[in-house]
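The values are calculated or read from the model by the stated rules, or taken from the named source; none is laboratory data. None of these values were measured; they are calculated from a predicted model. Just the protein is used for accessible areas: all its heavy atoms, side chains included, with ligands, DNA and RNA removed. Shrake-Rupley method; radii C 1.70, N 1.55, O 1.52, S 1.80 Å.
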Amino acid sequence: MTDTPIHSGGIQSKVAICNKALRHLGAAQILSLDQAGREADLCAGAYPEARNEILAAHNWSFAAKRASLAPLGPAGQGETFSLAYRLPVDCLAVRRLTPDRPYTLRSGGVLLTNAAPARALLTVVVDDPSRYPPLFVEALARRLAAALAVPLLNSARMEEVMSRRAQEALEAARIIDAVEDGEAELLAGYGQDPWIAAR
């Protein structure tokens, strides 16, 4: 797997992010997630969950998606809202309906609302590390290190330290993303249908 240049000249791949996490722990690095060995096995298992957790923690501009939700029909009896919609399979979080309308979520990727049609701003799974900003990568690597600390090193203390540092990196990444996203909105111009424009 090769590293891919991204924001500010950084290089990232899943393996590079896993190795960053392993370096935080002082553990042996890997060449591939498919190679034999405890480090690779643990990274392969923990990476998707850590990635999705950090993605869902903020309305990242690079993971934002506007979608018209697929109608499922009337909501069940006793529900506050009258209509049910299916969320896309890659949806990690619903940020809001547009225009702003109240809604609630049910298990199985179902959203209930009175809006018809239902259009939503979502945070979705982004599996391509070349799209991750540097501070997002740092937060992800720290969160992955926290997840690996106990199974790899049997160290609850290291898990606590990495979790705290992951939260600090996440807060910094959120601030930068919000600023950059605000600037992008200002520069985007007017008159373009946001349901047609690609983000």
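Listed values, structure above:
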{"read-out": "Residue-level accessible surface for D128, protein heavy atoms, 1.4 Å, Å²", "value": "70 Å²"}
{"read-out": "With all protein chains modelled, accessible area of V110 [1.4 Å, Å²]", "value": "20 Å²"}
{"read-out": "Rounded accessible area of E168 (nearest 10 Å², 1.4 Å probe)", "value": "110 Å²"}
